[in-house]
Amino acid sequence: MEVDEMREEYDFSGSKPNPYAKKLKKQVTIRIDEASIDYFKQQAAEVGVPYQSLINLYLADCAEKHRELRLVWD
């Protein structure tokens, strides 16, 4: 198998935007209580996915369905 050498310049004038760019993730720092983390870790272990992915899926579902938080203060 023959490998082409790198060119000095490439022409990207006919390129298209990445259709998956909106689905890229952004790293953030968030404080979550230990009980919530433990809950998601347990759920994640049961279904076989990383707990951070499970939290992301849950939050994405809430955003997609426009769920509204109902807080009740005692």
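The values are calculated or read from the model by the stated rules, or taken from the named source; none is laboratory data. Keep in mind that what you see is a predicted model, and the values were worked out from it rather than measured. For neighbour counting, all protein chains shown are included, and Cβ atoms are generated from backbone atoms with ideal geometry for every residue, glycine included. With ligands, DNA and RNA removed, areas are computed over all heavy atoms of the protein, side chains included. Shrake-Rupley method; radii C 1.70, N 1.55, O 1.52, S 1.80 Å.
Residue pairs whose Cβ atoms lie under 8 Å apart, sitting 6 or more positions apart in sequence or on different chains, and linking a residue in segment 1-22 that is more than 30 Å from residue 64 (Cα to Cα) to a partner that is open to solvent by 100 Å² or more (accessible area, probe 1.4 Å), do not occur here. Residue 55 falls short on exactly one of the conditions (1) β-branched (Val, Ile, Thr); (2) open to solvent by 70 Å² or more (accessible area, probe 1.4 Å); (3) assigned to a helix (DSSP H, G or I), and that condition is (2).
Can you find, within segment 1-27, the residue that is modelled with the highest pLDDT among those that are open to solvent by 100 Å² or more (accessible area, probe 1.4 Å), closer than 30 Å to residue 60 by Cβ and in a loop (DSSP other than H, G, I, E, B)? Per the stated criteria, the residue is 16. Among the conditions (1) open to solvent by 90 Å² or more (accessible area, probe 1.4 Å); (2) without any contact (Cβ under 8 Å) to a residue 12 or more places away in the chain; (3) not acidic (Asp, Glu), the only one that residue 36 does not satisfy is (1). Consider residue 65 against the criteria (1) modelled with pLDDT under 95; (2) open to solvent by 70 Å² or more (accessible area, probe 1.4 Å): it satisfies all of them except one. Which criterion is unmet? All conditions are met except number (1).
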